[in-house]
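Here is the structure we will look at.
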Amino acid sequence: MTSIAERAHAAAVFLRYSTELSLYGRHRGEQYARITVRLAAALALHPDQITVTPDWLRRRTTPGEPVLATATCPDTGEQYVFLARSPLYNDEAFELLGPCPECSAPVPVAEIRHLADLGTHLARPPLPRGDALCLATLPDTFPRDEGHATACPYGETS
């Protein structure tokens with residue numbers, strides 16, 4: 001096990017190199033690297049187990065476009081996809097994407113700030129279909145997320 005100082009140094013080196021080598025430019029590269037480090041720390045993973053990509057579905061023309069971050073479990077290979085809706089703000093929760101119970105599209109199903117939030121979400125039963133769906137347990141962005149299928153009753157465009 002490495003010390004806190006060694007892990008902090010490794011994170012700083014990761015930020016510097018990721019920023020310099022980014023295919024998306026220096027500014028966006030730094031933003032993606034910070035998201036990677038922040039999610040890795042929240043989930044107790046190494047930054048190499050996080051992959052960050054632009055979210056082409058939820059794009060906007062303002063600074064801080066949404067970003068998808070995929071965390072891969074080093075033991076099982078299972079992947080979890082998180083949305084950083086406003087990546088310029090380090091205090092914003094990540095949104096775990098999961099299937100909508102109506103349209104099966106990947107939409108926000110939980111707000112994740114730390115590992116215990118993910119544990120709480122995973123301990124719940126799957127989201128029910130129809131009227132039994134309790135919107136109070138879902139992120140505020142669930143009903144208006146662009147990920148819903150066009151005909152989904154929860155989608156903003158329905």
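Please list, by residue number, every one of the GluC sites (Glu not before Pro) in the range 44-145 that is coil in DSSP and has at most 12 other beta-carbon atoms within 10 Å. Listed in order of number, the matching sites are Glu78. Only the Cβ atoms of Lys and Arg (+1) and of Asp and Glu (-1) were treated as charged; on that basis the dipole of the chain about its Cα centre amounts to roughly 320 debye. Judged by the mean number of other Cβ atoms found within 10 Å, the most tightly packed of the peptides 136-142, 64-70, 80-86 leads the ranking 80-86, 64-70, 136-142. The residues of the chain expose, per residue, 59 Å² of accessible area to a 1.4 Å probe. For the chain, the square roots of the Cα gyration tensor eigenvalues, ordered a ≥ b ≥ c, give a/c of at least 1.5 with a/b no greater than b/c, which places it in the oblate category. Computed 3J(HN,Hα) for the range 104-116, one whole-Hz value per residue from the Karplus formula 6.51 cos²θ - 1.76 cosθ + 1.60 where θ = phi - 60°, is 6, 6, x, 9, x, 10, 7, 8, 10, 10, 7, 4, 5, glycine and proline marked x.
The values are calculated or read from the model by the stated rules, or taken from the named source; none is laboratory data. Keep in mind that this is a model prediction, so the values were computed, not measured. Don't worry about glycine lacking a Cβ; one is built from the backbone with ideal geometry, like all the others, and counts go over all protein chains shown. The accessibility values were calculated without ligands, DNA or RNA, using every heavy atom of the protein model including side chains. Shrake-Rupley method; radii C 1.70, N 1.55, O 1.52, S 1.80 Å.
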